[in-house]
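The values are calculated or read from the model by the stated rules, or taken from the named source; none is laboratory data. Model, not experiment: these values are computed from the prediction. As a convention, Cβ positions derive from the backbone with ideal geometry for all residues, glycine included, and neighbour counts pool all protein chains shown.
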Amino acid sequence: MINPTLSICIPTFNRKDELEMLLKSIEFKGKESIEVVIVDDGSSDGTAGYCQRLQSDFDVILIQQENRGRSWALYNAIKSATGDFIILMDSDDRFTESAIDSILGSLSRYKNILASPKVCGLVFTCLDQNEKIIGNEFKVEGINNFLRYRADEGVSGDKKEVVKSNYLKSVLYIPFEGEPRMPTSILWTRLARKYGVIVLNSPIAIKEYLKGGMTGRSRELRVLSIRSTTLFYEECLSDFRSHHNSVGYSLRVAANYIRYSIHKRSINLRVLSLLSAPQKTIIIISIPLGIYQFFCDMFYRVRGL
């Protein structure tokens with residue numbers, strides 16, 4: 001049996017109407033096969049029934065789980081995907097017109113480069129609900145790196161990654177029980193330490209940022225998922241001078257490591273001992289900022305009570 005070309009992985013919880021809009025935005029004219037992997041995180045709004053009744057031009061794999069949070073839903077979606085490439089979509093995202101054809105066309109156009117074991121996939125831009133580019137565009141299209149374009153080139157804003165399925169699964173980690181958030185940044189930076197990507201200034205998704213969603217609750221969710229949060233920043237401490245050269249980016253990473261280590265009430269001295277002298281200097285300089293950010297978190301928490 002031939003694997004689908006693309007797996008669209010969607011974790012969802014009580015977002016049936018938004019999920020319906022997302023699925024309706026999946027349009028393509030090519031002959032390649034598409035699968036959509038939906039993990040319903042214990043929804044009570046009829047999400048599962050809607051998916052079971054759905055008739056479409058693509059295969060739909062529905063996985064139902066008890067309510068364990070987005071982290072487990074995302075993990076199970078990725079693990080269940082059978083496509084050669086994977087794209088992650090939140091249920092309140094939707095594709096732009098002809099986005100799937102654009103993705104499939106790019107996979108075909110760059111197939112010789114993607115055949116290299118040193119390249120893991122493609123990265124596209126995103127639009128907000130006003131159809132404006134989120135953040136900024138890539139300075140140059142072509143082969144780049146998840147870390148390099150963020151740190152050294154200052155590219156900001158949400159992007160959409162289309163990556164080789166086996167590569168993404170190789171950097172996936174088992175979610176920490178009880179934590180609602182799995183930072184996908186962990187996955188992208190792990191890939192960046194080994195592989196390049198092809199970056200393209202073509203918007204393929206529109207992000208809605210609904211009230212009460214993950215983005216609007218990011219400060220709260222980072223603390224509620226403290227082990228995942230500290231894991232991301234801890235792994236990034238050693239990237240300075242090895243995978244990028246940005247002092248500013250490194251200071252932000254280190255300050256956040258200090259900040260969330262205080263929330264966690266523990267710090268990994270073994271990891272710090274393995275850092276180079278420049279990396280340790282970054283840590284020392286960032287301590288006041290990290291402490292300040294921690295107290296800001298406490299202020300927002302008290303104000304929210």
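Can you find a residue in the range 277-290 that is surrounded by 12 or more Cβ atoms within 10 Å (Cβ to Cβ) and within 18 Å of Val223 (Cβ to Cβ)?
Within the range 277-290, one or more residues are surrounded by 12 or more Cβ atoms within 10 Å (Cβ to Cβ) and within 18 Å of Val223 (Cβ to Cβ).
Do you know which of the residues in the range 230-276 that are aromatic (Phe, Trp, Tyr) and more than 20 Å from Arg181 (Cα to Cα) is surrounded by the fewest Cβ atoms within 10 Å (Cβ to Cβ)? Spell out the reasoning first.
Residues of the range 230-276 aromatic (Phe, Trp, Tyr): 232-233, 240, 249, 257, 260.
Within this subset, residues satisfying the condition of being more than 20 Å from Arg181 (Cα to Cα) are 240, 249.
Details: Phe240: 23, Tyr249: 19.
Filtering first and then ranking leaves Tyr249.
Before we move on, is Arg217 of a type outside the set (Phe, Trp, Tyr) and under 30 Å from Asp93 (Cα atoms)? It would help to see each step written out before you state the result.
Details: of a type outside the set (Phe, Trp, Tyr): yes; under 30 Å from Asp93 (Cα atoms): yes.
Criteria met by Arg217.
For the range 88-101, name all the residues that are under 17 Å from Val36 (Cβ atoms) and in contact with a Phe, Trp or Tyr (Cβ under 9 Å, 6 or more places away or on another chain).
Met89, Ser91, Asp92, Ala99, Ile100, Asp101
Just wondering, is there one or more residues in the range 48-63 that are polar (S, T, N, Q), more than 17 Å from Asn3 (Cα to Cα) and surrounded by 17 or more Cβ atoms within 10 Å (Cβ to Cβ)? Even if it seems obvious, please write down each step before you answer.
We begin by selecting, within the range 48-63, every residue polar (S, T, N, Q); these are 52, 55-56.
Retained after the next criterion (residues that are more than 17 Å from Asn3 (Cα to Cα)): 52, 55-56.
Keeping just the survivors that are surrounded by 17 or more Cβ atoms within 10 Å (Cβ to Cβ) gives none.
No.
Counting only residues that are closer than 25 Å to Tyr209 by Cα and of a type in the set (Ser, Thr, Tyr), which one in the range 80-97 is surrounded by the fewest Cβ atoms within 10 Å (Cβ to Cβ)?
Among them, the one singled out is Thr96.
Do you know which residues across the range 16-40 are of a type outside the set (A, V, I, L, M, F, W, C), farther than 19 Å from Ile78 by Cβ and not in a helix (DSSP H, G or I)? Break it down stepwise before answering.
Step one: list which residues in the range 16-40 are of a type outside the set (A, V, I, L, M, F, W, C), which gives 16-18, 20, 24-25, 27, 29-33, 35, 40.
When the remaining residues are screened for being farther than 19 Å from Ile78 by Cβ, the result is 16-18, 20, 24-25, 27, 29-32.
Residues satisfying the conditions are Ser25, Glu27, Lys29, Gly30, Lys31, Glu32.
Across the range 130-158, which residue is modelled with the highest pLDDT among those that are polar (S, T, N, Q) and crowded, with 18+ Cβ neighbours inside 10 Å?
Looking at residues that are polar (S, T, N, Q) and crowded, with 18+ Cβ neighbours inside 10 Å, I get Asn144.
Take Val123 and tell me if it is within 21 Å of Cys236 (Cα to Cα), in contact with a Phe, Trp or Tyr (Cβ under 9 Å, 6 or more places away or on another chain) and among the β-branched types (Val, Ile, Thr). Before you say what the answer is, go through the steps one by one.
On the way: within 21 Å of Cys236 (Cα to Cα): yes; in contact with a Phe, Trp or Tyr (Cβ under 9 Å, 6 or more places away or on another chain): yes; among the β-branched types (Val, Ile, Thr): yes.
Against the criterion (within 21 Å of Cys236 (Cα to Cα), in contact with a Phe, Trp or Tyr (Cβ under 9 Å, 6 or more places away or on another chain) and among the β-branched types (Val, Ile, Thr)), Val123 qualifies.
Can you name the residue in the range 41-61 that is among the polar types (S, T, N, Q) and not in a loop (DSSP other than H, G, I, E, B) and is also farthest from the chain's Cα centre (by Cα) among such residues?
My answer is Gln52.
Is there any pair with a first residue in the range 36-63 that is at positive phi and a second that is surrounded by fewer than 15 Cβ atoms within 10 Å (Cβ to Cβ) and of a type outside the set (S, T, N, Q) whose Cβ atoms are under 8 Å apart and which are 6 or more apart or on different chains, and what are they?
Gly42/Glu66
Tell me which residues, restricted to the range 37-62, are touching an Asp or Glu at 6+ places or on another chain (Cβ under 7 Å) and under 22 Å from Asp84 (Cβ atoms).
The answer is Phe58, Asp59, Ile61, Leu62.
Restricted to the range 118-129, and to residues that are in a loop (DSSP other than H, G, I, E, B) and more than 16 Å from Arg190 (Cβ to Cβ), which residue is modelled with the highest pLDDT? Reasoning before the result, please.
Let us first name the residues in the range 118-129 that are in a loop (DSSP other than H, G, I, E, B), namely 118, 128-129.
When the remaining residues are screened for being more than 16 Å from Arg190 (Cβ to Cβ), the result is 128-129.
Values: Asp128: 94, Gln129: 91.
Step by step, filter the range 118-129, then rank; the result is Asp128.
Read through the list (1) assigned to a helix (DSSP H, G or I); (2) farther than 16 Å from Asp41 by Cβ; (3) of a type in the set (D, E, K, R), then give the number of the only condition that Lys79 fails.
Condition not satisfied by Lys79: (2).
Please find, within the range 159-190, the residue that is surrounded by the fewest Cβ atoms within 10 Å (Cβ to Cβ) out of those that are of a type in the set (Asp, Glu) and modelled with pLDDT under 95. Don't jump to the end; show me each part of the working.
To start, the set of residues in the range 159-190 that are of a type in the set (Asp, Glu) comprises 161, 177, 179.
Filter once more, so that each one left must be modelled with pLDDT under 95: 177, 179.
Values: Glu177: 10, Glu179: 19.
Going through the qualifying residues, I end up with Glu177.
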